[in-house]
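Take a look at the structure below.
Only the coordinates and a few stated rules stand behind these numbers; no lab work does. No experiment lies behind these values; they were computed from the predicted model shown. Positions of Cβ are generated from backbone atoms using ideal geometry, with glycine treated the same way; all protein chains shown enter the neighbour counts.
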Amino acid sequence: MDPINTAMLIFWPAIFAFLLFTFRKNKKAAQWANMVFHLPWFWFLYQSCLLWRSSTADGMFPIVFNSDFFPLLKSNFALGLDGLNLPLIGLNVFLSFCLSLYALGKEKLSSSYLALFALLNAASVGSLMAADAFVFYIFWEAMLIPMFFLIGIWGSKNRVYAALKFFAFTMLGSLAMLAAILYLWVQPDIQSMGWHSIAQLGLLGDGLWSPRFWVFCGFLIAFLVKIPAWPLHVWLPDAHTEAPTGASVILAGVLLKLGVYGIARWCLALFPSIAVLDVVSFTMKVLALAGIILGSYGALRQTDIKRTIAYSSVAHLGFMLLGLFSFQLAGFQGAMFQNIAHGLSTGALFLIFGIIYDRTHTRELSDYGGLGIVNPRLSMLFVLSVMASIGLPGLPGFIGEFLILNGTFVLSPWFAFFACFGILLGAVYMLRIVRGMIYGETSSVLKSHPIKLSFSEWGSIIPMIIAMIVLGFWGQGLIAVTARASATIIYNLQGEILR
Amino acid sequence: MISLPVGELEFHVFVSIALFAIGAYGFLCKRSGLIALMCLELMLNGVNLFLMTFSKHHSSPDGASLFLFIVLVAAAEAAIALSIFVILSRRFGSVVLDDYRRLKG
Amino acid sequence: MIFEGLRWILLAPLLGAVLNGVILQNKSAKISGLVATLASLVAFGFSVVACSQLSGLNSAPEQNFLIDPLFTWMSSGHVYVPFNLELTSITSVMLLVITGIGSLIHIYSISYLSEEESPWRFFSYLNLFLAAMLVLVLASNLAVVFLGWEGVGLCSYLLIGYWYKKPENTAAGMKAFITNRVGDIGFLIALFVAFSFFQTGDISRLAERVNDYAFLSSGVPTWAWYTFAGSLLWAATAKSAQIPLYIWLPDAMAGPTPVSALIHAATMVTSGIFLICRVWPLFAMSPVIVDAAFWIGMSTAWLAALIAVSQTDVKKVLAYSTVSQLGFMFVALGAGSPAAAFFHVITHACFKALLFLAAGSVIHGMHHKQEMSLMGGLKDKMKITHVCFLIGTLAIIGFPLTAGFFSKDMILAKVFAAQGVFGYILLLGAALLTAAYMFRAYTLCFWGGARSEYAQKAHESDPLMYMPLVVLAFLSLFIGWLELPEVFGHFTKITDWVHSSWYGVGVGEQAHLSHLAEWLLMLITSVLSLTVAYYSFKIYQRNPEFKILPEPLHKWSTNKFYVDEAFELLLIKPSMKAGRFINRISDETTFNGLANGSFRFTRLSGRLLALFHTGSVQTYAWHFVFWSSLIVGAIFLWTL
Amino acid sequence: MSEGIVVMGQVNLFQVVVGILALAAAIGVVHSKSAVSSALSLMATLFLTAFLYFAKGAYFAGVVQVLIYAGAIAVLFVFIVMLLDLKPSRVAIPGQKGVALLAFAATAMFVVVVALLAVPGLFEPGLQESNLTALSAKAISYNFVSTYMLPFQATGFLILAAIVGVIMLAKSVRSPSNESRGEP
């Protein structure tokens, strides 16, 4: 149970990625190796969970692994593990395992694809666990590169445009973060760039337009681009439609969540006095609400199925942003729960549609119809994951949204009221897709391309569906995990409100 | 000797600046590369004279040593420049600067 | 008092649904129907045991309910939602109604769906519906009630769209789900108010909030009470199909008839009223909302009755009659007596299910033809269905001593006591209209000559179908005896059940009627409705196309007063168009434009800079000299 | 030390004449028709500037000027001009570029002269009796090995690099392989 396990969580995929690069010739072996590689990774995750549960260190973000990294930058390689990032790491490992099952037997997915995937996993787990500003930034940027290639090479038609746009947006956003980190670095009285020392950093001054405010904004912009919050979301539909199935599942399941986690960890926890300013919280709630309503309207308008699901993610992430800035324990934990719930439901949606897309190669809703007749079991799973994504009670989506709206209602009832219309619009555009795809007469496209799922494809969907159903009722387990960490953050935030 | 109303210092400075200006004019306007190089030498001489005047004026040897450095550097530079021009003329068949347009953006 | 049995009531239909839907999936209606009926019968058995357990319990009013704590669904901050099942007296009655009528309908649908190609899907959805309805009824926390509430909405969506080959069925299903979702927003708002202002979601503790004085004075803003009651009413109007949001119920007839019988007559549509009855002490705290319920109910009763009079499809007539009967129940709530409303819920469940199933067997006999103009003269071809349909019609119009008589009369009495003569006359008008259209439907179906070859060849359906009809006929005759008005002796089972389920929280007594007044009311209502029924029976025997309403009103009522078109025009189309427009502006032009624009700008500036490389050595030299001297000059002047 | 001190006073006629002649030669370099004549007038300017140094008392500088500049560099120019046997290069077309530059040169001189005269501190009177020893070879060489040691060595290397560079360039000229035009 020694801390090396937590570090191995990051380095194991990286090592495996280089191993995969050596598997260049034989694709079959690479895919099987990719599947087997996940088992030790699960074991490391299990060890880290034991370590986390046994650690009684109170206070925020206990550091589990520490080694010197770059003295000049006053930063050491600190990794932290607590209730906030453990579930997300678990989701990342779980989704990537399902995708490795999906990848078996796909001739298009070469070993370099799998290697890039492993690198992406390493970077995302790294940025989740990083407890040092520079380490966090490095992993944050490292995530971009494999994603850029995944979309750029294995995407569909105008994938280069989408990959470029994705890269440009996120890169610009993270430059703002870099500026903030550097500003912190040059501060005279900062000993190390660790998360805790930034938290205790005094002198930055308080209130609007103070240096602390600008540092907060620097971090915030990077995460808003990643989430994506409403005005900066234009890259998501393109990135999702052009990305290959595996990449869009991981993009929806893990990368978007990092934006929410980032805000929780690096904005709300580090600079509570700024987050609580009513100018800041009001604008963020307005952005969240705009994301919900306009995201849903965007989804209503699309004829391309994957774009609709992408816009629905914009709406769901608008909910999470609302939850984060509700400054209530219910809202915060709801946002963290919705992180996992949305990852599962949208991941399942993309995976199922990806499987159909592999056979029909068309994303237009009008080409589809009567899937229920062709493959009733798959359409049942599709309907189930659609219901999960529109937040039907009994499935995880509802618990997240319910807690978020409850939290927001306490301080800002009108925002909660208008956000409810997001749920209504959600039902409208999702059912439009279900009606277009599942019901009605079998369309010519589905007649000419029979949808027969291979064993490994079933194997990749079933765990996700089971996870969703279990989480729908057993949500309390996950909420308890995030309880301690979010309680301390909310305690500070509410302390700031009273002041 | 008959001394004129103008101070020695002012006159020498005037001469060196004149030399520099003429050199600059020639360097920028002449179409032939060689002439431009010669004007370059003129500019350097203007600077040298300037230095010597002030070295004498402040009676410190620095100006003179700097003079010597410039002479040395000028010699090396002239040698290199001229050989380059020789190759250029072989290559382009003429020394006229306008013919060297290969680097057009 | 802890009782473990409650969870089995819930698990049986759930297991049935999973068995049918995921594991068995076999094609024959018999086997999948059997599994489903078995599951619902097990649920019925357990609920009977639970009710007997409850009635045996005679402790103080606060404690006389059974609890079965299962697990905590979610708890974070001020939101604590334990997933506990709870059986109070009011829920026990509702439980029996649901599982009883549910099992009958399961038996009925075995033969109704005999020649379907995927009956397992129907039966698994029906079982899922039963499970969701039981969750709604048995839940102790409002959030868990919401779980049942949306689960029921989902199952009605799936069942309406069961024959998904025809696009209009799936459109009807979608319409039902989305209209219900509009109502669910109201329910969510009520939940938020409950959790943030009343600090609890538990129905029992919510009811206690009403009379613990400390809480009342602790400064809960009045708008919290009004929003709570108002949004609950909003949710109930959507689920129980009242004025603004009733449009989905008539279209829901696109589903198979057993579905309409179970969901759109007996159980789901009444869940709105059932919910208000359970939290009645809170609801009564805001009188404005109670009056609103009264007027909503009244206007729905009238509108639906007016539309039902001119419908030609037998299921549409029954659908609008359900909407109008639900209007009656809302009127009872508005008149301040949840007992009358709940009594009407139970009686209506019985005779409306009977009517729907009878109509179903008629349609089954007529090879899925629902138009009344094609029917006629079926009384001698389908004897048992005819008798059952007649009993149902008598019950609904309030023929003396039938179930409808007692419950409708109780509502009229309460309205007379609460709202005076004007309210009474309005409601009486609606009751007479009910008599008119019900007998119109009855005579068009069963009397007169057979108007199409389907009617000639119609045959009586097999025992599996008419056996439930007989049971329901028996029920709709004698269930009325549960609650007798004072005149016939003091046997008020329903009222004490309803009052005792509010955990000892007393609610002010309504005004009492003298015996004479009660006699008079009963006389007037029954005499008037019987004469109207007789006249419509006579008229429609001779002339099937007779129009009760004057000409302009008739055309309007056949087109359902253009309510659907109005909704489409005023609400759905503009919001969709506005949404598309906003999205096009905000996403396509500005932000996408901005993003692409920035790419083009960088390429442009790149090309611009290339112009500087003219290639001529001299321009470089010139620039070099010019700028360097400029800089030197600037520094020189700067240092002066 | 006993040579006595020449007062930095008025400029005498000799200096004026030589100065003016140098300027004339410089103009000759720029405006002469053929490259040869401009090379020769360059040599003349260098000689005349050497005379100026002598007049100022900087004998070592003068000798160096004569030896290296006039003797070596100017001769090198003449040699190259002879080697490339150029056609008489036309006088630069003083197009707008030229005029602009003239303007520039004039203004530059004007600005500097004005600065010289106007700015008091720039030319604070030096030691009246400037001892000539400051410009003597001994003083310069002493200065070289003390304050300017580093540049002195660096220039040594520079010269070495220049020699090697020239040989390389020169070799490629004479090597038989690229005798014909067009070879890189």
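Charge dipole of the protein assembly as shown (Cα centre as origin; +1 on each Lys and Arg Cβ, -1 on each Asp and Glu Cβ, all else neutral): 3820 debye, rounded to the nearest 20. Taking amide H atoms as placed 1.01 Å from N in the peptide plane, the amide H of C:W73 lies under 5 Å from those of C:V81, C:F83, each 5 or more residues away in sequence or on another chain.
With a Förster radius of 41 Å applied to the C-beta separation of A:V279 and C:K166, the computed FRET efficiency comes to 0.15.
In the stretch B:6-103, a dipole from Cβ-located charges (positive for Lys and Arg, negative for Asp and Glu) runs towards its positive end, and of B:L19, B:L9, B:S32 it is B:S32 whose Cα lies farthest in that direction. Relative to the Cα centre, the charge distribution of the stretch C:130-255, modelled as +1 at Lys and Arg Cβ and -1 at Asp and Glu Cβ, gives a dipole magnitude of about 280 debye. For the stretch A:409-499, what is the Kirkwood estimate of the hydrodynamic radius, computed as the reciprocal of the mean inverse distance between distinct Cα atoms, to one decimal in Å? Kirkwood radius, the stretch A:409-499: 18.4 Å. Evaluating 6.51 cos²θ - 1.76 cosθ + 1.60 at θ = phi - 60° for every residue in the stretch A:320-337, the Karplus couplings come out as 5, 4, 4, x, 4, 8, 7, 6, 10, 4, 4, x, 5, 5, x, 5, 5, 5 Hz, glycine and proline recorded as x.
Over chain C, DSSP H runs of length four or greater, each weighted -39,500 (n - 2.57), average out per residue to a 222 nm ellipticity of -23000 deg cm²/dmol. Computed from Cα atoms, the angle from the helix C:287-309 axis to the main principal axis of chain C rounds to 70 degrees. Phi-derived couplings, Karplus 6.51 cos²θ - 1.76 cosθ + 1.60 at θ = phi - 60°, listed residue by residue for the stretch D:145-158: 7, 10, 6, 9, 4, 4, x, 4, 5, 4, 4, x, 4, 4 Hz, with x used for Gly and Pro.
Each part gets one Cα centre, and for the stretch A:221-258 versus the stretch C:514-538 those centres are 69 Å apart. A simple spin-label model places pseudo-atoms 7 Å from Cα toward Cβ; at A:F455 and A:E107 they are separated by 2.1 nm. Based on DSSP H segments of at least four residues, each scored -39500 (n - 2.57), chain A has a per-residue ellipticity at 222 nm of -24500 deg cm²/dmol.
For chain B, the 222 nm mean residue ellipticity estimated from helices alone, with every DSSP H stretch of n ≥ 4 adding -39500 (n - 2.57) and the total spread over all residues, rounds to -27000 deg cm²/dmol.
The listed peptides A:278-287, A:102-111, A:408-417, A:123-132, ordered by packing as a protection proxy, come out as A:123-132, A:408-417, A:102-111, A:278-287 (highest mean of other Cβ atoms within 10 Å first).
Our note on the geometry: Cα centres of the stretch A:283-349 and the stretch B:32-105, 69 Å apart. Normalised by residue number, the volume inside the convex hull of the Cα atoms of chain C is 257 Å³ per residue. Net charge dipole, the stretch C:568-639: roughly 240 debye, given to the nearest 20, about the Cα centre with Cβ charges of +1 for Lys and Arg and -1 for Asp and Glu. Taking a ≥ b ≥ c as the square roots of the eigenvalues of the alpha-carbon gyration tensor, the stretch B:13-97 is classed oblate because a/c is 1.5 or more while a/b is no larger than b/c. Considering only C-alpha atoms, what is the centroid distance from the stretch C:95-139 to the stretch A:434-499, in Å? Centre-to-centre distance over Cα atoms comes out at 28 Å.
Take the Cα of C:V22, step 7 Å toward its Cβ, do the same at A:Y491, and the gap between the two points is 4.1 nm.
Any idea which of C:T237, C:F626, C:F44 is furthest toward the positive side of the dipole for chain C, if Lys and Arg beta-carbons carry +1 and Asp and Glu beta-carbons -1? My answer, from the dipole projection, is C:F626. Each distinct pair of alpha carbons in the protein assembly as shown adds a 1/r term; the inverse of their mean, the Kirkwood radius, is 38.7 Å. The calculated FRET efficiency for the pair D:F79 and C:L611, based on their C-beta separation and a Förster distance of 45 Å, comes to about 0.65. A dipole drawn for chain A from +1 and -1 charges on Cβ atoms has a positive end, and of A:F21, A:L120, A:F70 the residue lying farthest that way is A:F21. Note on A:K28: lysines with a C-alpha under 27 Å away, same-chain residues under 8 apart excluded, are A:K106, A:K108, A:K157, A:K452. Calculated on the alpha-carbon coordinates, the convex hull of the stretch A:144-224 measures out at 100 cubic angstrom per residue.
If you plug the beta carbon distance of B:R91 and C:T602 into 1/(1 + (r/R0)^6) with R0 = 30 Å, you get a FRET efficiency near 0.25.
Each residue of the stretch C:531-548 was assigned a 3J(HN,Hα) from its phi angle through the Karplus expression (A = 6.51, B = -1.76, C = 1.60, θ = phi - 60°), giving 4, 4, 4, 4, 4, 5, 4, 5, 4, 6, 5, 7, 10, x, 8, 5, 9, 5 Hz with x at Gly and Pro.
Note on D:V36 and C:D380: their simple-model spin labels are 14.4 nm apart, each label 7 Å out from Cα toward Cβ.
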